[in-house]
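Worksheet: one structure, shown below.
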Amino acid sequence: MKRRAFFASFTVLLAASAAFAQTTVPTVEPVSGTSVIVPAPKVFLTTTMGEIEITLDPVGAPKTSAHMLKMFQTNHYIGASFFRIEPGFIVQIGDLDAQFKGRYPPLSPIELETATNRHVKGAVALARGDATNSGHSSFYFDLADNPSLNADPKAPPNTTGYAVFGRVTAGWDVVEAMAKVERAPTGGPFPGKAPVVPIVVTAIRTDPPPPPKPKPPVKAATKAKKKR
């Protein structure tokens with residue numbers, strides 16, 4: 001089986017380099033007639049090994065970055081544990097906790113969009129199964145340039161590859177440290193690739209923050225019936 005076939009989110013089983021650091025952080029295109037440029041959303045992922053800042057890419061992957069921003073804002077990943085570490089390739093996290101127990105994500109899978117993004121060192125991408133539009137919640141960090149994960153240029157757009165929805169813009173040393181930890185010979189969906197000491201997400205912050213929850217409607221006071 002091809003290596004990339006293993007990128008399916010585990011929930012389905014239940015149901016940068018210097019060159020990279022010099023790349024421009026994506027911004028949302030200004031509205032016609034204005035000079036305002038909205039900075040790309042950021043995600044601050046606090047783990048037991050340190051904090052990682054992810055800048056999302058609403059230009060190269062608008063649907064996927066919007067989907068993942070909502071996923072991060074649901075706090076679905078708090079308590080999630082990195083379950084796949086392959087030095088020189090990727091580190092992956094998703095729906096499993098430190099005991100490899102899964103939680104089904106709160107959002108539906110998203111359509112694949114891979115026409116304009118590339119897997120370079122420091123990229124952050126959405127995992128998926130064999131089905132084209134099966135990307136859900138499991139995601140990974142590219143530890144190196146991984147052109148084998150890019151879309152096939154000969155295939156129709158958005159039918160192959162894996163969607164890159166952001167990049168690490170701070171805390172890359174944390175990701176590199178993860179790639180060096182000792183791995184257990186057994187356990188998890190990828191035996192031999194889970195860390196001996198679990199690496200767990202303890203907090204998540206996004207910029208912009210999640211929208212406020214709507215207040216419940218106020219019930220109208222009922223009039224007391226008059227006694228006859």
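The values are calculated or read from the model by the stated rules, or taken from the named source; none is laboratory data. These numbers were taken from a predicted model, which means no experiment stands behind them. Because the Cβ atoms are built from the backbone with ideal geometry, glycine has one as well, and the counts that use them run over all protein chains shown.
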Note to self: List the residue pairs whose Cβ atoms are under 8 Å apart, where the first residue sits in the range 50-73 and is more than 19 Å from Gly94 (Cα to Cα), the second is in a helix (DSSP H, G or I), and the two are 6 or more positions apart or on different chains.
What the structure shows: Asp57/Ser65; Pro58/Ser65; Pro58/Ala66
Check: Asn117 fails exactly one of the following numbered conditions: (1) under 17 Å from Ile93 (Cβ atoms); (2) surrounded by 17 or more Cβ atoms within 10 Å (Cβ to Cβ). What is the number of that condition?
Finding: (1)
Notebook entry, point to check: Going through the range 35-82 one residue at a time, which ones are under 23 Å from Pro106 (Cβ atoms) and charged (D, E, K, R)?
Noted result: Lys42, Asp57, Lys63, Lys70
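Restricting to the range 163-189, give me the number of residues that are among the polar types (S, T, N, Q) and within 26 Å of Thr64 (Cα to Cα).
Within the range 163-189, the subset among the polar types (S, T, N, Q) is 169, 186.
When the remaining residues are screened for being within 26 Å of Thr64 (Cα to Cα), the result is 169.
Of the residues in that region, 1 qualify.
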Check: Which is modelled with pLDDT of 95 or more and touching a Lys or Arg at 6+ places or on another chain (Cβ under 9 Å), of Ile93, Ile78?
Finding: Ile93
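Here is a yes/no grid of residues against (1) among the polar types (S, T, N, Q); (2) within 30 Å of Pro198 (Cβ to Cβ); (3) modelled with pLDDT of 95 or more:
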| residue | (1), (2), (3) |
| --- | --- |
| Ala18 | no, no, no |
| Gln22 | yes, no, no |
| Thr34 | yes, no, no |
| Thr46 | yes, yes, yes |
| Ile52 | no, yes, yes |
| Asp57 | no, yes, yes |
| Leu69 | no, yes, yes |
Check: Assuming Val201 fulfils every condition listed in (1) surrounded by fewer than 16 Cβ atoms within 10 Å (Cβ to Cβ); (2) closer than 20 Å to Lys42 by Cα; (3) not small (Gly, Ala, Ser) apart from one, which condition is it?
Finding: (1)
Notebook entry, point to check: Limited to the range 124-155, what total is found for residues that are closer than 23 Å to Ile78 by Cβ and among the small types (Gly, Ala, Ser)?
Noted result: 5
Margin query: Please go through the range 133-148 and give me each residue that is surrounded by fewer than 17 Cβ atoms within 10 Å (Cβ to Cβ) and touching an Asp or Glu at 6+ places or on another chain (Cβ under 8 Å), ordered by number.
Written below: Asn133
Item checked: Checking Phe89 against (1) of a type outside the set (Gly, Ala, Ser); (2) surrounded by 20 or more Cβ atoms within 10 Å (Cβ to Cβ); (3) more than 16 Å from Thr169 (Cα to Cα); (4) in contact with a helix residue (DSSP H, G or I) (Cβ under 9 Å, 6 or more places away or on another chain), the condition it does not meet -> (2)
Notebook entry, point to check: In the range 108-142, what residues are over 22 Å from Leu45 (Cβ atoms) and assigned to a strand (DSSP E or B)?
Noted result: none
